[in-house]
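Data first, discussion second: the structure below is written as structure tokens.
The values are calculated or read from the model by the stated rules, or taken from the named source; none is laboratory data. Just so it is clear, the structure is predicted and the values come from calculations on it, not from any experiment. Note that each Cβ is placed from the backbone with ideal geometry, even for glycine, and that neighbours are counted across all protein chains shown.
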Amino acid sequence: MKLLILAAKSMVAAAAMLALPGLASAHEWAWGGKLDLTRGVANVEGAGGGGLATWALITGNETTDGVGGELSATYVSLPDYTARVFGGGVGLFDRAEITVAEASFDTGATGAKLGLGKGFTFDQTIVGAKVRLFGDAVYDQDRWLPQVSAGAQYKVNDQRTIVRAVGADDSQGVDYYVAATKILLDQSLVLDATVRATRANQFGFLGFGGDKNGGYTAQFEGSAAYLLTSKLALGGEYRSKPDNLGFAREDAAFDLFAAYAVTHAVSVTAAYVDLGDIATFRKQRGVYLSLQAGF
Amino acid sequence: MKTPSLLIGALLIGALIALVTAADAGAQVPPGEQPVKPYVQSDANAAAEPFAGDHMFKALHGLAGIDRIVTRMMDENRNDPRTADIFRAADFVRLHRTLVEQFCYLTGGPCHYSGMGMKEAHEHMGVQAKDFDALVEHLEHAMDKEGVPFRDQAKLLAKFAPMKRIIVDQDRN
């Protein structure tokens with residue numbers, strides 16, 4: 001596990017150095033230019049990807065000639081909880097992205113049942129960085145080689161006392177991941193596979209590490225989408241999660257989504273999402289809605 | 001008085017030879033096109049393997065459909081400020097003919113490509129990544145207007161996509 005993290009860390013550093021000559025020689029750089037849906041959408045952690053998974057695609061509408069950006073608002077309604085994520089990101093030369101997201105997990109009436117108080121909310125700030133290592137998911141149509149990116153997400157949860165009380169080791173943590181994304185245009189398919197080293201409990205809303213398992217584990221994220229048109233994609237996602245806390249079992253997450261590019265800048269994602277059991281409340285299946293603007 | 005008439009005679013003969021030579025060269029340049037520096041013609045210049053069968057050629061509605069798609073795409077290329085500069089000095093008659101040939105040949109139609117290779121054709125044009133994306137957009141619009149099904153559009157784009165590596169960034173390397 002340590003090796004995987006070390007490898008991911010050194011890849012981020014190496015890729016950052018690779019990107020630097022590009023920054024220096026980029027003349028005439030411009031805003032925008034990327035094709036519809038090729039920036040992906042913003043995921044639950046504010047990074048460019050699907051809804052649950054983080055993809056290798058770089059956020060923002062820019063090409064290798066310029067910079068781009070993205071803003072997103074995501075709402076997840078579950079039987080016993082509600083989550084909201086507001087995110088923003090900058091993409092640099094289709095090489096790197098930096099994202100910041102404010103995520104809140106509202107326990108609503110469930111908060112009282114958990115002894116936390118009605119409307120108790122966990123807030124989390126997520127700062128992410130991603131670097132494209134090699135490959136071009138869109139244009140390398142004559143090669144099997146996917147676009148591969150490495151990244152890290154630093155998450156800080158504001159409920160230190162509570163997450164420690166439920167058994168978590170820490171209220172902050174860093175995820176490291178390597179993502180491979182391929183668009184098979186002749187099949188109208190978008191495929192992604194991501195490996196994440198993480199200690200996060202329920203994406204970090206319940207802290208990091210726990211009484212059952214304190215260390216990093218490797219988790220898998222997979223997405224498959226079918227492009228019905230250049231503006232509409234239908235797909236499904238899977239994301240495994242660690243099971244670190246003794247008081248409640250944590251399950252893998254699934255979704256079925258539709259992403260639609262309303263205009264070149266604005267896209268909406270609607271999904272049916274199954275997050276499994278969360279903090280002893282079973283079968284958290286609900287609706288995921290996300291609106292984003294890229295420029 | 002003899003000298004000037006000889007001179008005029010010589011000039012006349014010279015002009016005649018020049019005319020004949022020009023007509024000769026003109027035979028190799030299709031009407032309405034400007035001459036280009038010589039190059040070896042080959043289907044390999046189309047820079048991709050054609051689709052097997054004629055499904056794609058039919059999906060684009062044959063030669064007539066390809067002609068409309070190329071016309072619409074080039075109209076958009078010339079009118080879009082993002083791409084207009086690239087084509088400022090282009091020979092549109094020749095460009096139209098060679099593009100139609102390339103589309104026809106690559107979709108499995110009964111054509112040969114007589115144009116230049118992708119590297120030679122785009123040398124010093126300074127096509128940037130965002131320009132290439134704009135060109136793709138224009139091609140998508142043109143195929144939409146022609147009523148080409150999305151799946152077939154995507155297949156054709158997959159065929160053209162790898163050319164980005166050759167066409168873009170030439171002067172930077």
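Looking only at the stretch A:87-106, count how many residues are touching a residue at least 40 places away in the same chain (Cβ under 8 Å) and away from chain B (no Cβ under 14 Å).
Number satisfying all stated conditions: 10.
Would you please name the residue that is nearest to B:A48 (Cα to Cα), looking only at residues in the stretch A:141-180 that are in contact with a Phe, Trp or Tyr (Cβ under 8 Å, 6 or more places away or on another chain) and within 14 Å of chain B (Cβ to nearest Cβ)?
Among those that are in contact with a Phe, Trp or Tyr (Cβ under 8 Å, 6 or more places away or on another chain) and within 14 Å of chain B (Cβ to nearest Cβ), it is A:L145.
Please work out which residue is farthest from the other protein chains (Cβ to nearest Cβ), limiting yourself to the stretch A:217-229 and to residues that are touching a residue at least 12 places away in the same chain (Cβ under 8 Å) and surrounded by fewer than 22 Cβ atoms within 10 Å (Cβ to Cβ).
This residue is A:T217.
Among (1) out of contact with any Ser or Thr (no Cβ under 9 Å at 6 or more places or on another chain); (2) crowded, with 16+ Cβ neighbours inside 10 Å, there is one condition A:T263 misses while meeting the rest; what is its number?
All conditions pass for A:T263, except number (2).
Looking at A:G119, A:G51, which is the one that is away from chain B (no Cβ under 14 Å), under 14 Å from the mean Cα position of the chain (by Cα) and not in a strand (DSSP E or B)?
On inspection, the qualifying residue turns out to be A:G51.
Just for the stretch A:162-183: of the residues that are in contact (Cβ under 8 Å) with a residue 40 or more places away in the chain and among the aliphatic types (A, V, I, L, M), which one is surrounded by the fewest Cβ atoms within 10 Å (Cβ to Cβ)?
It comes out as A:I162.
Out of the residues in the stretch B:96-155 that are under 17 Å from the mean Cα position of the chain (by Cα) and of a type in the set (V, I, T), which is nearest to B:P31 (Cα to Cα)?
My answer is B:T98.
Does the stretch A:122-141 hold any residues that are in contact (Cβ under 8 Å) with a residue 40 or more places away in the chain and not in a strand (DSSP E or B), and which are they?
Of everything in the stretch A:122-141, those that are in contact (Cβ under 8 Å) with a residue 40 or more places away in the chain and not in a strand (DSSP E or B) turn out to be A:G135, A:A137, A:V138, A:Q141.
How do the strands (runs of 3 or more DSSP E) wholly within the stretch A:181-295 filter down when requiring 2 or more residues that are of a type in the set (A, V, I, L, M): which remain?
Of the strands (runs of 3 or more DSSP E) lying wholly inside the stretch A:181-295, those with at least 2 residues that are of a type in the set (A, V, I, L, M) span A:189-198, A:217-227, A:232-239, A:253-261, A:266-274, A:285-294.
Hey, among the residues in the stretch A:33-75 that are of a type in the set (D, E, K, R) and more than 14 Å from A:G91 (Cβ to Cβ), which one's modelled with the lowest pLDDT?
The residue in question is A:D36.
Answer yes or no as to whether B:A142 is surrounded by 18 or more Cβ atoms within 10 Å (Cβ to Cβ), free of Cβ contacts under 8 Å to residues at least 24 places away in the same chain and within 14 Å of another protein chain (Cβ to nearest Cβ).
Considered against the rule, which asks whether it is surrounded by 18 or more Cβ atoms within 10 Å (Cβ to Cβ), free of Cβ contacts under 8 Å to residues at least 24 places away in the same chain and within 14 Å of another protein chain (Cβ to nearest Cβ), B:A142 comes out as no.
I'd like the residue in the stretch A:77-108 that is modelled with pLDDT of 90 or more and not in a strand (DSSP E or B) and, out of all such residues, is surrounded by the fewest Cβ atoms within 10 Å (Cβ to Cβ).
Within the stretch A:77-108, the match that is surrounded by the fewest Cβ atoms within 10 Å (Cβ to Cβ) is A:P79.
Return the residues of the stretch B:119-139 that are assigned to a helix (DSSP H, G or I) and more than 13 Å from chain A (Cβ to nearest Cβ); say none if nothing qualifies.
Across the stretch B:119-139, the qualifying residues are B:K119, B:E120, B:A121, B:H122.
Would you mind stating whether A:T198 is among the β-branched types (V, I, T), under 28 Å from A:D243 (Cβ atoms), touching an Asp or Glu at 6+ places or on another chain (Cβ under 7 Å) and touching a residue at least 12 places away in the same chain (Cβ under 8 Å)?
yes
Taking the stretch B:145-173, which residues are within 21 Å of A:T63 (Cβ to Cβ), more than 10 Å from every other protein chain (Cβ to nearest Cβ) and not in a helix (DSSP H, G or I)?
Result: B:N173, single match.
Given the structure, is A:Y272 within 30 Å of B:A134 (Cα to Cα) and aromatic (F, W, Y)?
Here the answer is no, as A:Y272 does not meet what is asked.
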